[in-house]
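Q: Here it is, the structure, as structure tokens.
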Amino acid sequence: MKQSLLVAAFLALAVPAHAQLGGLLNKAQQVKDAKSKFDDLNVTEEEERKIGEDVSAKIRQRFGVVQSGPVHKYVTLVGTVLAKQSERPGLNWTFIVLDTDGVNAFASPGGIVHITRGALGLIRNEAELAGVLAHEIGHVAHKHTVNAIKKNKAVQLGTSETLSDRGPFLDKIANKAYEMVLENKFDRGDEMDADKVSVTLTEKAGYAPGTLAAFLTRLDERNKDQPAQNGLFASHPETKERIEAINKLAGAKSGAIDEARYKENIKYEPTPVTAIATVEDGAAGLTGSTKDTKDTKDTKDTKDAKKEEAPKKGFGLGSLKPSSSSERQTAQVSASGGSRGVGPDRAAKGGGNPAIVKTTVSDAEVATFKKGIA
């Protein structure tokens, strides 16, 4: 009798132990599966750059590129001084000036920063330019675009296809990234974070740290009669709130402004917001045919640049062709901005040449330029 009771007691204890072991194994498999999905979603630095290049190709098709070596050299020097102070100094930082009167700036993943000649016209000094570029550098340095997309449920649903081929998955990220960058779809936290980076980097470089606020104040005044959100920093949070936050972060700290050097290198004048040409409703292409009358273009350099822009192979490029129906829809939708709450800066017409202007700066040139910040 006692032996029977002991056996029964042993069995009673053994069953739960077995069940518990099975539960632990199940949890271990769940952790493994979760890690696998995370690894699938985790974008390498090389892939991030590839996504950024694809996004940049679309942005350049949309707005065109100013074909001026000196302008790109100057903007690249300012941007490189800042980028070297960032948390990701080793990226292949690239700075591109877009050929449109619209006031805007776009940060593509992987280190590609775009700013429009319209923004350069509205900016008054080198410190303000640094403030804008540093904000965009902040979006890249903290991976705001890629991290936001990785959280997107529509993208996560496709992770099963990444087990055998990452191409479709990365295509999906590139297309989503373009939409997010073009429409300035950063959330409140990301925008405030990029503003903090702007204050930090400009101060480290020797500029007055609150100059982004000065530019935003002028931009806010310019846009005061616009019924819709308009262009640069127009979405989150409200501009006045951001200006107050930036001024608070900057405090009473002083630094260089460098208005004279800015005017020596940038000759653009601001275009009134009411005079900005926009993409016409039903337009077939992304780019317009506007000419930059303020900047003399070198025909030979332009032709050489076009040759360098031969089609690339790899993921994403097939879906990024400007002649696609989705791109035509983008142009049409931008044109009907009134119904979507999109202002003229975001629907602005662009130039006709998307070719990158090859620009390189040496460490010695950057060091010399930095010494001139005063």
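Q: Give me the accessible area of Thr368, 1.4 Å probe, in Å² rounded to the nearest 10.
A: Thr368 has an accessible surface of roughly 100 Å² with all protein chains in place.
Q: Can you give the accessible area per residue of the range 65-221, in Å², using a 1.4 Å probe?
A: I get 29 Å² per residue for this part.
Q: Sticking with this structure for a sec: If amide hydrogens are placed 1.01 Å from N in the peptide plane, which non-local residues have theirs closer than 5 Å to the one on Val65?
A: Asp99, Asn353, Ala355
Q: Check Thr278: other-chain or 5+ apart residues with amide H under 5 Å from its amide H, H built from backbone geometry?
A: Lys349
Q: Hey, another quick one. So what are the ³J(HN,Hα) numbers for the range 43-57, from phi and the Karplus equation (6.51, -1.76, 1.60; θ = phi - 60°), rounded to whole Hz, Gly and Pro as x?
A: My calculation for the range 43-57 gives 8, 6, 4, 5, 5, 4, 5, 4, 4, x, 5, 5, 5, 4, 4 Hz in order.
Q: Among the listed pairs Lys84/Lys253; Lys84/Lys151; Lys58/Lys151; Lys196/Lys248; Lys151/Lys240; Lys58/Lys84, which have their C-alpha atoms separated by more than 18 angstrom in this model?
A: Lys84/Lys253; Lys84/Lys151; Lys58/Lys151; Lys151/Lys240; Lys58/Lys84, as the Cα separations exceed 18 Å there.
Q: So which of Lys172/Lys358; Lys204/Lys349; Lys176/Lys263; Lys263/Lys358 end up more than 26 Å apart, counting from Cα to Cα?
A: Where the Cα-Cα span goes over 26 Å, the pairs concerned are Lys172/Lys358; Lys204/Lys349; Lys176/Lys263.
Q: What is the set of long-range amide H partners of Ile96 at a cut-off below 5 Å, with H atoms built 1.01 Å from backbone N?
A: HN-HN under 5 Å from Ile96: Val113, His114, Ile115.
The values are calculated or read from the model by the stated rules, or taken from the named source; none is laboratory data. Every value quoted in this text rests on a predicted model; they were computed, and no experiment measured them. Calculation scope for accessible area: heavy atoms of the full protein, side chains included, ligands and nucleic acids excluded. Shrake-Rupley method; radii C 1.70, N 1.55, O 1.52, S 1.80 Å.
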